[in-house]
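Below: one structure, written as structure tokens.
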Amino acid sequence: MEGGLTNIYFESDSLQIVTALGCSSLDRSFIGLILKDSKFLLLQIIGEGFAHVRQTANEAAHRIACFALHLGTPVSWFEESPDFLVDALFEDCNK
């Protein structure tokens, strides 16, 4: 995988997505191809994991999703996280 990413743990507030990613059968829903690609990419990561969390416990993910709605190009942060994300992580850790 590009970037050599390892030991990544994903959290989602969508139980349906978490369940679908853990299922080996072909998904014929309207997001089936996205799930297929996601499963392939997950196989490329050494030490990956994913879990379902309550939406109220995952404010950081919610803010990233809202931020992503307004992007036209891919974005990644490796050195310094944006302030909105740091604030959300702080809130999540102190709930």
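The table for this structure:
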read-out	value
First in region 81-95 and touching a residue at least 12 places away in the same chain (Cβ under 8 Å), second anywhere and surrounded by 13 or more Cβ atoms within 10 Å (Cβ to Cβ) and not in a helix (DSSP H, G or I), Cβ under 8 Å, 6 or more apart	Leu89/Ser81; Asp92/Asn58
Residue among Leu5, Leu43 that alone is closer than 27 Å to Glu91 by Cβ and either out of contact with any Cys (no Cβ under 6 Å at 6 or more places or on another chain) or in the same structural domain as Phe90 (by TED's automatic domain parsing) (or both)	Leu5
Some residue of region 27-48 being surrounded by 10 or more Cβ atoms within 10 Å (Cβ to Cβ), of a type outside the set (Lys, Arg) and in contact with a Lys or Arg (Cβ under 9 Å, 6 or more places away or on another chain)	yes
Total residues in region 22-59, condition in contact (Cβ under 8 Å) with a residue 24 or more places away in the chain and over 13 Å from Tyr9 (Cβ atoms)	8
Condition broken by Glu2, with the remaining ones in (1) loosely packed, with under 13 Cβ neighbours inside 10 Å; (2) modelled with pLDDT of 85 or more; (3) not aromatic (Phe, Trp, Tyr) satisfied	(2)
Of all residues making up region 40-95, the number that are closer than 27 Å to Ser25 by Cα and aromatic (Phe, Trp, Tyr)	2
Single match in Ala20, Ala61, Ala65 (criterion: surrounded by 13 or more Cβ atoms within 10 Å (Cβ to Cβ), small (Gly, Ala, Ser) and assigned by TED's automatic domain parsing to the domain that holds Lys95)	Ala61
Meets criteria (at pLDDT below 85, outside the structural domain of Asn94 (by TED's automatic domain parsing) and surrounded by 10 or more Cβ atoms within 10 Å (Cβ to Cβ)) for Glu11	yes
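The values are calculated or read from the model by the stated rules, or taken from the named source; none is laboratory data. For clarity, every value in this text was computed on a predicted model and none was experimentally measured. For neighbour counting, all protein chains shown are included, and Cβ atoms are generated from backbone atoms with ideal geometry for every residue, glycine included.
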